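The values are calculated or read from the model by the stated rules, or taken from the named source; none is laboratory data. This one's a predicted model, so the numbers in the text were calculated from it and none came from an experiment. Please note: Cβ atoms are built from the backbone with ideal geometry, for glycine as well, and neighbour counts cover all protein chains shown.
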Amino acid sequence: MANGWKFTWLTAISRRTPDRPMNLEEIKEVSRLLMRANEANPDPNTSQAVASGILLALLARTRTGSGQAVEVTMLQANVRANADEALITTDDPLAHCLTINATDSMRFIASTKPTMGGSFWPVYSNANGGHSVSRRTARTCSRIPDSQAWPPAPSTISNSPLRSERFLWRTRPMSGSSA
Amino acid sequence: MGQQGPLSQVAGYESVIAAKSGRMASFEGQMNRRGPAYAAVQAGTWATSQAAVRGILAALLARGANGRGQWVQTSLLQNMIPYDLASLMMRQLSRLDPETFPPDSLGARLRLPMLQYIPVRTKDGHWLQHANLMDRLFRSYLKAVGLGWVLQEDLFKNAPIMNHESREALRELILNKMQERTLGEWMEVYMADGNIAADAR
């Protein structure tokens, strides 16, 4: 897959599940869960930007007398709408403090400093084998001055009281780590 | 929360508004338990910020037209409404007239996705979320992945408009077919077809 956005009728690439084969019923259930988590918000997200653009153009016309071309892309609008989750890669300066703990089903950042509530944060794997985290995650982690001071990660994801419900459907004991 | 009322001095956080308004209830069914699920996407915050921008712009236009300043206000709750396509309305209808509009049971929330939006698993364990909503796009997808033959079968010839039996049979064909290749291999197929996925750089 070349660099760049792949778009149109394929809307998203989700995370990787274990290499072990899954039977049809398991696949159906995960398919259902993924779809339930899928909100049709890109359309209304974009309509917000379109409406703002039109009003801005009307104001500009009032002030300058010139009509304006209004153009919005779904990609632009949705990156703005999901700014907290817009992705950075792990070589971003913001990501210096991240420790990535691997499970056998997916990767998590263990932000286990007590003041952070011992919560887990998702790490997204991309099709090229790289990993990225959300900007919100990076900002939160970057407030921790010394990542070495973090206590060890809990042995299981389910030990985390502030875990994100979105990722609970595939929880496994920690089986290794990488940074 | 608002200009008046008992909660007017309380800061309005999106997650609180989403929980109190029932938005999180509309995500029920993501977990293997009953009850609401956390609405992770901060859609209301984005929409509210844009509503504020539009309100300010509209106020500037109004001031330019009549010379008077305007009071601008919006709310998180107002701006979450466009994201709810039907569930809040259906809940209200079922409260008002439960016979005509029976409450949406968990059974409905456990319903499998429509085939045009089906998430599928690839051979190497990746998941793809499809969005072939238009009939022609769905048919292009079937042909691209090697399932075009089903359109010649009586059981599937009207795909994606089918009865339950046909739909579930085709679901199994699709889910099994997608297990035959890796994510990279499927992306090559999709990109080559041009109707399934394309560069949007």
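Before we move on, is B:F101 farther than 23 Å from B:E185 by Cβ, in the same structural domain as B:W186 (by TED's automatic domain parsing) and out of contact with any Lys or Arg (no Cβ under 8 Å at 6 or more places or on another chain)? When the stated conditions are applied, B:F101 does not pass them. Taken as a whole, the structure leaves B:M80 outside the set of residues that are closer than 30 Å to A:E26 by Cβ and either in the same structural domain as B:F138 (by TED's automatic domain parsing) or not β-branched (V, I, T) (or both). Among the conditions (1) under 17 Å from A:Q48 (Cβ atoms); (2) modelled with pLDDT of 85 or more; (3) out of contact with any helix residue (DSSP H, G or I) (no Cβ under 7 Å at 6 or more places or on another chain), the only one that B:A43 does not satisfy is (3).
Can we say B:E14 is under 27 Å from A:R32 (Cα atoms), more than 10 Å from chain A (Cβ to nearest Cβ) and among the acidic types (D, E)? Against the criterion (under 27 Å from A:R32 (Cα atoms), more than 10 Å from chain A (Cβ to nearest Cβ) and among the acidic types (D, E)), B:E14 qualifies. Would it be correct to say that B:M31 is without any contact (Cβ under 8 Å) to a residue 40 or more places away in the chain, outside any helix (DSSP H, G or I), under 26 Å from A:R32 (Cβ atoms) and not charged (D, E, K, R)? Answer is yes for this residue. Looking at this structure, is A:T115 surrounded by fewer than 19 Cβ atoms within 10 Å (Cβ to Cβ), more than 16 Å from the chain's Cα centre (by Cα) and either among the acidic types (D, E) or at pLDDT below 70 (or both)? Criteria met by A:T115. The residue that is nearest to A:N23 (Cα to Cα), among those in the range B:120-142 that are touching a helix residue (DSSP H, G or I) at 6+ places or on another chain (Cβ under 8 Å) and more than 10 Å from chain A (Cβ to nearest Cβ), is B:L142. When B:I174 is tested against the conditions (1) surrounded by 13 or more Cβ atoms within 10 Å (Cβ to Cβ); (2) within 13 Å of chain A (Cβ to nearest Cβ); (3) at pLDDT below 95, the lone failure is (3). Would you check if there is a residue in the range B:152-161 being buried (at least 19 other Cβ atoms within 10 Å of the Cβ), facing chain A (nearest Cβ under 7 Å) and not hydroxyl-bearing (S, T, Y)? No; the residues of the range B:152-161 include none that is buried (at least 19 other Cβ atoms within 10 Å of the Cβ), facing chain A (nearest Cβ under 7 Å) and not hydroxyl-bearing (S, T, Y). Under the condition of being more than 10 Å from every other protein chain (Cβ to nearest Cβ), of a type outside the set (S, T, N, Q) and in a loop (DSSP other than H, G, I, E, B), the residues counted in the range B:42-84 number 5. Does at least one position in the range B:105-114 carry a residue that is more than 9 Å from chain A (Cβ to nearest Cβ), free of Cβ contacts under 8 Å to residues at least 40 places away in the same chain, of a type in the set (S, T, N, Q) and on the phi < 0 side of the Ramachandran plot? Yes; the residues of the range B:105-114 include at least one that is more than 9 Å from chain A (Cβ to nearest Cβ), free of Cβ contacts under 8 Å to residues at least 40 places away in the same chain, of a type in the set (S, T, N, Q) and on the phi < 0 side of the Ramachandran plot. Every listed requirement among (1) without any contact (Cβ under 8 Å) to a residue 60 or more places away in the chain; (2) surrounded by 15 or more Cβ atoms within 10 Å (Cβ to Cβ) is met by B:Q9 save one, (2). The condition (being loosely packed, with under 13 Cβ neighbours inside 10 Å and either aromatic (F, W, Y) or touching a residue at least 60 places away in the same chain (Cβ under 8 Å) (or both)) is satisfied by just one residue among B:Q73, B:Q92: B:Q73.
The condition (being outside any helix (DSSP H, G or I), at pLDDT below 80 and within 23 Å of B:M31 (Cβ to Cβ)) is satisfied by just one residue among B:P103, B:P113: B:P103. Going by the conditions given, is B:A39 in contact (Cβ under 8 Å) with a residue 12 or more places away in the chain, assigned to a loop (DSSP other than H, G, I, E, B) and among the hydrophobic types (A, V, I, L, M, F, W, C)? Yes; evaluated as a whole, the condition is true for this residue.
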